[in-house]
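Nothing in this text is a laboratory measurement; each read-out follows from the coordinates by a stated rule. None of these values were measured; they are calculated from a predicted model. Neighbour counts are summed over all protein chains in view; Cβ atoms, including those assigned to glycine, are modelled from backbone coordinates with ideal geometry.
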Amino acid sequence: MKPRHILFASAMAAATFGCSSSTTDGNKTTTEEVAADSLQQKLDTYTSVRLTSDLSHLSENERKMIPLLIEASDIMNGLFWYEAYGKRDSLLATLDSEAAKRYVQINYGPWDRLNNNEPFIPGVGPKPEGANFYPTDMTKEEFEQADLKDKSSQYTFLRRDENGKLITVPYHVQFKDQVQQVAKLLKQAADLAEGAGLKKYLILRAEAMLTDNYQPSDLAWMEMKTNRLDIVIGPIETYEDKLFGYKAAHEAYVLIKDMEWSDRLSKYAAFLPELQRGLPVPAQYKKETPGTDSDLNAYDVVYYAGDSNAGSKTIAINLPNDEEVQLKKGTRRLQLKNAMQAKFDKIMEPIAEELIAEDQQQYVTFDAFFANTMFHEVAHGLGIKNTINNKGTVREALKEHASALEEGKADILGLYMITQLQEKGEVEGDLKEYYTTFLAGIFRSVRFGAASAHGKANMVRFNFFKENGAFEREEATGKYHVNYEKTREAMNKLSEKILTLQGNGDYAGVGELLNEQGQISAQLQADLDRLAQANIPVDIVFEQGTEVLGLNR
């Protein structure tokens, strides 16, 4: 097997930062030094994490499966590169600087995902809102007027024919050679799978890669319960499409279940129907019943690829996104415990020391961080999936705004769930821990910038909480102090607002909320700058692959 691609922070720091320049000889060195310093600062916003797991409890067949799953996942990198930018190799070939190449690889393109997708390569223009899913010269009006039945499909590209007319190209056609290889690898892994559920899922997922019909494999994935290995692979999230929010991007995770932690978490999904009924919103906005087959588990993630590996890294997953599957089967919530622990140790704790009032820093804990993240994913199952006024699904009605608002909903309803379950005695710990860690988590996620749906959602919540007195900034120290009673009031108020906007399919109202509340104030920016000055990383990159795990194909 070919060596897997690995990103090393130490290699970044040791890179030679040469940079081509079109300036005169008199100031060429200065220009190159500035460019090198700027790129080094960008690289320093990431810290390296080694993705490993205890493999001793796995069977021989399971250990043989992991390299196959990693190889299949690695193909997702190339597919996502095409979706996010286009021609990867031609871009990398134009760069003389190793630092530039490494930062391009982290971002899957020349736009900085932690800085609102600003270009960091000279001569590169703004990132197209539709990434590479649509022609860059296509307008929204042209798309909406086009008579193409599958134009809004999650699994088609929009392209122009020889006459300039819009056409659709299915993913499995565009990526024919690649998906055939993925399907082959997944079927090889299925031959080694010891459980019937995992074997069935891998076979159906292989078929889905060849047909773009993912629902059968999504249903099979929901039915798996006892498998120790797992893989999430294919076109899944629609964050990259900021034009309409329709198109799914390719990604993958290779996962090893933490059986002990999963047993601890298994009880919470059963509370969803009860919590749905208690949501602080009128009855018509909570009339849907969440699926009762939802699953909640903890995993070590040993490989990220594609969309999940671009810019800020996911630490929890809530899937499938298919609304029909969600209403029938619920969803599975996967907590990526090793990645979560790394972010807490390297990012959350230092942020708390810098920005949380000293008498409340004791309440920022890993257990609360884990729970807030976990219940964020569980809360995706609450609320409403279809509008109450015949505008279709919430995702269809809210278009490019849907992802940011859904992430905001999950954050705030996750905190609502913790509050309700803690008062029932089903969640341990002091609410002060969850509320204080929640605020520290906002500072962490706001740093992802407006280009991230999670970052935008956190900006809205920070400003909403500030307006409602959920916290105060101590002028003398520049640190934040949580008002626990007002946090609860703000939580209920924002929950009602978001659920109402979703249920109404209020596209204009959501746009207004994101534009007005989704901004970083000068004061907050100054406080975030303090985190950079304290050398607190924004996110992580990985040392990962078969060699890191000590496995070979």
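Just a few scattered comments:
- Given their separation in residues at 0.36 nm each and the Cα-Cα distance between them, K267 and R159 gain 34.2 nm when the chain is fully extended.
- Exceedance of the 24 Å cut-off in Cα-Cα distance is limited, within the set K328/K391; K151/K287; K247/K337; K200/K247, to K151/K287; K247/K337; K200/K247.
- Sorted by Cβ density within 10 Å, fewest first, the residues T365, T477: T477, T365
- Cα-based reach from K199 at 13 Å (exclusive), listing aspartates and glutamates while leaving out same-chain residues under 8 positions away: E62, D191, E207, E223, D230
- Going from the fewest other Cβ atoms within 10 Å to the most, the residues W81, W261, W111 appear in the order W261, W81, W111.
- Electrostatic tally near A371: other residues with Cβ closer than 14 Å to its Cβ, Lys and Arg +1, Asp and Glu -1, net -2.
- Both numbers refer to the Cα atoms of segment 356-520; Rg and Dmax are 15.6, 52 Å.
- By other beta-carbon atoms within 10 Å, ranking K199, K287, K247 with the fewest at the front produces K287, K199, K247.
- In summary, the lysines within cross-link reach of K466, defined as a Cα separation below 20 angstrom excluding same-chain residues under 8 places away, comprise K409, K432, K456, K479, K486, K493, K497.
- Highest-first arrangement of 424-435, 351-362, where packing means the average Cβ count within 10 Å: 351-362, 424-435
- Calculated on C-alpha atoms, the gyration radius of segment 438-533 divided by its Kirkwood radius gives an Rg/Rh of 0.98.
- C-alpha center-to-center spacing [segment 479-548, segment 132-158] in angstrom: 31
- Shape call, the chain: gyration tensor on alpha carbons, a/c limit 1.5: rounded
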